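Data block below; observations after.
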Amino acid sequence: MEKERKEKMNNNLAMDLEPEKISYADLLKVDDDKRYELIDGVPYLMASPSVAHQEIVGEIYYQLKTYLKGKKCRVFISPLDVKLSGAIDNNEEFNVVQPDIMVVCDKDKITEKNIVGAPDLAIEILSPSNIRHDRMRKLKLYQKFGVREYWMVSIEEQNIMVLTLSEEGIYQIAEACYLDEKVKVNVLDNCFVDLREFCENNNIVVEKSKEYLELMAKEAEEKEKTQQ
């Protein structure tokens, strides 16, 4: 049985057209020391993260952890499985992901082994190997299952895209900013993530467009006028 299960997964990973679906229960029985995410029953192999990826994950996690001290919401980092549909029976769960960082505010979703149901906030750190996966597959998946806020953080492109779920259940761009800007966490009251010091300490020089710099200078000038 184990050989057949591995063959099924290998066939899925090798094919683009109509791969055979497997459940979370099937995935848990595979022991090959690799990490997978399950989207509509199709397993996707997760690449090993880079040092830069892990450093920025750690920084964002630390800031959220500090903010959430003494509050009901909790923050987690990968690897931790999220059963997005909330199915109790693992044989009926076909969408399981491992967000780089997530915030969960419903304690009933937190179990000893995994998260059952959509988190309130999911943050993915983009890399060349996962850009299509995070910007397309997981974006659609998070929207489908009602993840209230989704961040895509790109070290390579030096930006952060923040999406929030509308009343109609459709993602809208709440903010698009550079990596070294202070970013509001919409699902948490008065919470911000600030990576400016992180960028300075890691010699990350964010190259900003001429138009952006002119806009910032204009806003600073207008602010100065109002204070006079």
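The values are calculated or read from the model by the stated rules, or taken from the named source; none is laboratory data. Everything quoted here is computed from the prediction, not taken from an experiment. Every residue, glycine among them, receives a Cβ derived from its backbone with ideal geometry; neighbour counts consider all protein chains shown. The protein model used for the area step is the full one, side chains on, heavy atoms only, and it has no ligands, DNA or RNA in it. Shrake-Rupley method; radii C 1.70, N 1.55, O 1.52, S 1.80 Å.
Here E93 meets the list (1) of a type in the set (D, E); (2) under 20 Å from F192 (Cα atoms); (3) in contact with a helix residue (DSSP H, G or I) (Cβ under 7 Å, 6 or more places away or on another chain) almost entirely, failing just condition (2). In the condition set (1) buried (at least 18 other Cβ atoms within 10 Å of the Cβ); (2) assigned to a strand (DSSP E or B); (3) aromatic (F, W, Y), F192 is compliant with all but (1).
Considered as a group, the residues in region 90-123 that are touching a residue at least 40 places away in the same chain (Cβ under 8 Å) and among the acidic types (D, E) include one that is nearest to L45 (Cα to Cα), and that residue is D100.
With the requirement that a residue be over 21 Å from I155 (Cα atoms), open to solvent by 30 Å² or more (accessible area, probe 1.4 Å) and of a type in the set (D, E, K, R), what does region 21-67 give you?
K21, D26, K29, D31, D32, D33, K34, R35, D40, K65
Of the listed requirements (1) open to solvent by less than 50 Å² (accessible area, probe 1.4 Å); (2) under 23 Å from V185 (Cα atoms); (3) modelled with pLDDT of 95 or more, R74 misses just one: (1).
Looking at region 200-218, is at least one residue of a type in the set (A, V, I, L, M), at pLDDT 85 or above, assigned to a helix (DSSP H, G or I) and open to solvent by less than 100 Å² (accessible area, probe 1.4 Å)? So far as region 200-218 goes, no, none of its residues is of a type in the set (A, V, I, L, M), at pLDDT 85 or above, assigned to a helix (DSSP H, G or I) and open to solvent by less than 100 Å² (accessible area, probe 1.4 Å). Filter region 35-91 down to the residues that are farther than 22 Å from L179 by Cα and among the acidic types (D, E), then identify the one that is farthest from the chain's Cα centre (by Cα). Here the residue is D89.
Taking the numbered list (1) modelled with pLDDT under 95; (2) part of a loop (DSSP other than H, G, I, E, B); (3) of a type outside the set (G, A, S); (4) open to solvent by less than 30 Å² (accessible area, probe 1.4 Å) in turn, M9 passes all entries but (2). Across region 170-180, not a single residue is classified as touching a residue at least 60 places away in the same chain (Cβ under 8 Å) and surrounded by fewer than 18 Cβ atoms within 10 Å (Cβ to Cβ).
Per the listing E124, E157, the residue uniquely in contact with a strand residue (DSSP E or B) (Cβ under 9 Å, 6 or more places away or on another chain), open to solvent by less than 60 Å² (accessible area, probe 1.4 Å) and either in a strand (DSSP E or B) or among the acidic types (D, E) (or both) is E124.
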